[in-house]
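No value in this document is a laboratory result; all are computed from the given coordinates. Please read all numbers here as calculations on a predicted model, not as lab measurements. We place every Cβ from the backbone using ideal geometry, glycine too, and count neighbours over all the protein chains shown.
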Amino acid sequence: MSKSVRIYKPAKTAMQSGVANTKRWLLEHDPADAQEADPLMGWSGSADTDRQVKLWFASKDEAIAFAAHEGFTYRVEEPHSRTIKPKSYADNFAFKRA
């Protein structure tokens, strides 16, 4: 059985105003088995170590080529387009402000 991976462009986090880490493509392994709670400490864990591996690629084609070369079944999630509304600081003080 071949492992399945997900290839996507991560969205920017809420803590940043720039577009850092949104230019590259990310390849992540899908979980192979469920996480279990540790009876003593209560931490969640799993025997699946592939879940910890994240591979970054400059382009989508590089990530797809790597997944195909390694024999992974992959799915590509296309990024959503972001619409930026033009804003002006002077609009905060406009008379027609709602």
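Things worth noting here:
- Gyration tensor (alpha-carbon) shape descriptor, segment 14-62, a/c threshold 1.5: oblate
- In the chain, the longest principal axis of the Cα atoms and the axis of helix 60-70 are about 10 degrees apart.
- Sequence of I84, I64, I7 once ranked by neighbouring C-beta atoms within 10 Å, starting from the fewest: I84, I64, I7
- For the chain, the tally of Lys pairs with Cα-Cα distances below 15 Å comes to 7, considering only residues 8 or more apart or on different chains.
- Shown here for the chain: chymotrypsin sites (Phe, Trp or Tyr not before Pro) in loop regions (DSSP other than H, G, I, E, B) with at most 10 other Cβ atoms within 10 Å, namely W43, F95.
- Net dipole in debye of segment 14-98 [+1 Lys, Arg Cβ; -1 Asp, Glu Cβ; about Cα centre; nearest 20]: 1060 debye
- Anisotropy class of the chain from Cα gyration tensor, a/c 1.5 cut: oblate
- DSSP bridge orientation in segment 1-75 - percent antiparallel, rounded to nearest 5: 75 percent
- DSSP loop trypsin sites (Lys or Arg not before Pro) with at most 16 other Cβ within 10 Å: longest gap in the chain: 25-81
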